[in-house]
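Heads up, the thing below is written out as structure tokens.
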Amino acid sequence: MRLGVLDVGSNTVHMVVVDAHAGGHPTPMSDSKSAVRLIQYLDADNRISDLGVRKLSDAVAEAAEIARATKCEEVMAFATSAVRDANNSDDVLDAVEKSTGVRLRVLSGVDEAKMTFLAARRWYGWSAGTIVNLDIGGGSLELTAGPDESPETAFSLQLGAGRLTHDWFPTDPPERKRINALRDYIDAELAGPAAEIRQLGTPDLACATSKTFRMLARLTGAAPNSAGPRVERQLTAAGLRQVIAFISRMTASDRAELEGISSDRSYQIVAGALVAEASMRALGLESVKICPWALREGLILQRLDHNDGRDGKGS
């Protein structure tokens, strides 16, 4: 079956079209995204502004047209942290539906974490043993761990790279005192969840998903995207500390010139790196493998698992 996955995140509206069947590897057919940056449209009352709603509606309408043009049999449309945590979330959903005909499903933070963990488990397989997975989005950080396909522990924290940049870094590049203050804040937010995860013992595999981790790994020498998803990539704590010392002194425009840094995320990569470093330190991880599958793949896999066509071909 041809599936469309419309992912409304805190940074981008991402539309992926795949051909897939139960028991098979989803084959990407189309991939497009719009950099909306919803976090930047939050006002003092944590409400998405009218301009933000219009930009979101335009991006969703464009994605819906892609779904029609590629003859998707089904579209899974969902929203994560920026819409989920906005105080006018219901109004935003209603406005987008009225404008585009698309009703976005809001994923809870825990569901987002669980679906991302499922993707990592399927990518690495049962032989990976107990997995710890870290995922940094624009609005939230998800931490999961466990030996099965559903994590034993799952946390979603408001430590997304875009959110923290918006709230903590009014200048570009950020001031050293603001960086130090943010480090302390992140450490405090991580203390409880990290302690609970560490009680499960040393994981057999530590992995990380999300564009933020992929960019940070690239900055430390990991293979570029052009090498393909099956090339093993990792991010070490030592390499990450060196990267932070380097990029925290640069402006967003200068960071965008670095190989592996996308222009639409260069403004938030410092905050993302601080979250990555603090998370790895809190969990006692010296390195993480970079998993190419994440939330979207997890949702596709769950959908296929529940497909009525159990003959291996789907419907």
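Some observations on this one:
- GluC sites (Glu not before Pro) lying in DSSP loop within region 235-303, provided at most 16 other Cβ fall within 10 Å: GLU257, GLU259, GLU286
- Under the simplified labelling scheme, the HIS306-ARG249 pair shows an inter-label distance of 5.1 nm, with each label point 7 Å from Cα along Cα→Cβ.
- Sites matching trypsin sites (Lys or Arg not before Pro) across region 183-272 that sit in DSSP coil, with at most 10 neighbouring C-beta atoms within 10 Å: ARG230
- Fluctuation leader among CYS291, CYS72, CYS207 - the chain, Gaussian network, Cα springs under 10 angstrom: CYS72
- Residue-normalised accessible area of region 248-294, expressed per residue, 1.4 Å probe, Å²: 35
- Solvent-accessible area, 1.4 Å probe, carbon plus sulfur percent, for the chain: 47
- Scanning the chain for long hydrophobic helices, with DSSP H runs required to stretch 18 angstrom or more by C-alpha along their axis and to average at least 0.5 on the Kyte-Doolittle scale, returns 269-283.
- Shape annotation for region 161-315: C-alpha extents along the principal axes are 59, 39, 27 Å, from largest to smallest.
- Sites GLU232 and GLU74, calculated FRET efficiency, Cβ-Cβ separation with R0 30 Å, nearest 0.05: 0.35
- Rg followed by Dmax, in Å, when region 77-196 is reduced to its Cα trace: 16.9, 47
The values are calculated or read from the model by the stated rules, or taken from the named source; none is laboratory data. Since the model is a prediction, treat every value here as computed from it, not as a measurement. Virtual Cβ from ideal backbone geometry, glycine too; neighbours counted across all protein chains shown. To get the accessible areas, we keep the full protein, side chains included, count just its heavy atoms, and leave off ligands, DNA and RNA. Shrake-Rupley method; radii C 1.70, N 1.55, O 1.52, S 1.80 Å.
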